[in-house]
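Coordinate-derived values only; no laboratory data. Computed from a predicted structure; not experimentally measured. Methodologically, a virtual Cβ is constructed for each residue, glycine included, from the backbone with ideal geometry; neighbour enumeration extends over all protein chains shown.
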Amino acid sequence: MSTFAASPTSAPDLFYELSAQDINGRKVNFSTYRGKVVLVVNTASECGFTPQLAELEALYKKHANQGFVVLAFPSNDFKQEKADNKEIQAFATKEYHTTFPFFEKAPVRGDDKQPVYQFLTEKKPGILFKDVGWNFEKFLINRKGEVVDRWSSITKPSSGSITKAIEKALSEPL
């Protein structure tokens, strides 16, 4: 399960203070992403929005050399990710040719949600509900580690609102 890099008594202020287990079980300190623009997405292999993985990969490839990364967080909160971590990785790679990082399958909503999503939903609550409402919600973190935007599942990664926000965040200095 993901854990905060900060002490448990103090919630982190910045994304870079967090850590989580990658899909292979290795701890990743998000300080690794310091200075990058990060798009965090909760994914599921059996969702109607799963084809967004192809658009996420295209965004990642287009902007990776400018300091952009997509981070995928699989979850079965909506009963659409029954696979284990190994199967999730194999599916995303085979079907959508993903090369961006995936993390361990874990809850993204409710009392048991992983710390990454505790942080994201505290910093950028949804319009109607604080918690994630469905698979493929997207959160944008700027180069300073601040959550600057959030989009619902229906907003495609290739949409103008997302691409403009990414380009704006990439153009801003640290």
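Here are the numbers for this structure:
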item: Greater than 19 Å apart at Cα, pairs in K62/K82; K61/K138; K94/K138; K61/K113; K79/K105; K62/K113; result: K62/K82; K94/K138; K61/K113; K62/K113
item: The range 3-171, relative contact order [Cα under 8 Å, separation at least 6], %; result: 28 percent
item: Inter-label distance, nm, simple model (7 Å from Cα along the C-beta direction), K130/S152; result: 2.1 nm
item: Distance-filtered residues of the range 90-126 - backbone nitrogen under 15 Å, label point 7 angstrom along N24 Cα→Cβ; result: 90, 93, 99-104
item: Selection of GluC sites (Glu not before Pro), the range 20-80, meeting DSSP coil and at most 14 other Cβ within 10 Å; result: E46
item: Neighbour count of at most 16 Cβ within 10 Å plus DSSP loop: longest trypsin sites (Lys or Arg not before Pro)-free window in the chain; result: 83-129
